[in-house]
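Presented below is the structure to which this report refers.
No value in this document is a laboratory result; all are computed from the given coordinates. Please read all numbers here as calculations on a predicted model, not as lab measurements. In this analysis, Cβ positions are derived from the backbone assuming ideal geometry, glycine residues included, and neighbour counts consider all displayed protein chains.
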Amino acid sequence: KAGVTQTPRYLIKTRGQQVTLSCSPISGHRSVSWYQQTPGQGLQFLFEYFSETQRNKGNFPGRFSGRQFSNSRSEMNVSTLELGDSALYLCASTQTEGISCVFGQGTRLTVV
Amino acid sequence: AQTVTQSQPEMSVQEAETVTLSCTYDTSESDYYLFWYKQPPSRQMILVIRQEAYKQQNATENRFSVNFQKAAKSFSLKISDSQLGDAAMYFCAYRSAGYGGSQGNLIFGKGTKLSVKP
């Protein structure tokens, strides 16, 4: 059974650009959550999607957005990149009514 | 708002010995889940163990066990017979039971870096 797949694994972008990250959940998992991990702030919740609907959102500016497709794959987008957006972005998927989530290997975003 | 605190930024243990990582949390909810995740240098977060708050019995997974003290809001992780492969960052996390609401909103502590000495 394939795990949670995040692409790309590494990304370097210039300040002011935008970026799109992708997450394919485990087959059958309909809930996808995104987290940002930085040395200073630790792991912070970005948003959660279930059946193509955003179910919950963390405290991040509107430059951070996401969506989920009918096959449960999810994308997150960050517009007008800032240096502080450099982080490891982790995606996790959960079964419907599941308790534990399974994480992908993350996308390391560097903004220069 | 719920918070999770890990007071030990770094810990060290000798191979084959036992180590305990501490975690405290703050919540006004009565139903929730607690987790310990391991993040090795490969970066992937791996679930080590979970505890349902309504269960009084402490969870155990092979060499890993927890000491869940609901009244004290404490959730420590004990690793027995430590192995070199246990070296990693360990994160304590909290999630509301969320009936009808969010299921994926984990609140993490800052982490404890565990080193294992051969």
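For the stretch B:1-115, calculate the relative contact order in percent as a whole number, restricting contacts to Cα pairs under 8 Å that are 6 or more residues apart.
Numbers: 265 pairs, mean separation 41.2, N = 115.
This gives 36 percent for the stretch B:1-115.
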> Ignoring the sites themselves, what is the longest stretch of chain A with no trypsin sites (Lys or Arg not before Pro) in a DSSP loop and at most 13 other beta-carbon atoms within 10 Å?
Replying inline: A:64-112
>> As a test of the definition: which semi-axes, in Å, follow for chain B when you take the square root of five times each eigenvalue of its alpha carbon gyration tensor? Largest first, please.
In response: 25, 15, 12
> In chain A, with Lys and Arg counted as +1 and Asp and Glu as -1 at Cβ, which of these residues, A:HIS29, A:THR53, A:GLY16, has the Cα nearest the positive end of the dipole, that is, farthest along it?
Replying inline: A:GLY16
> Could you state the per residue volume, in Å³, of the convex hull enclosing the Cα atoms of chain A?
Replying inline: 94
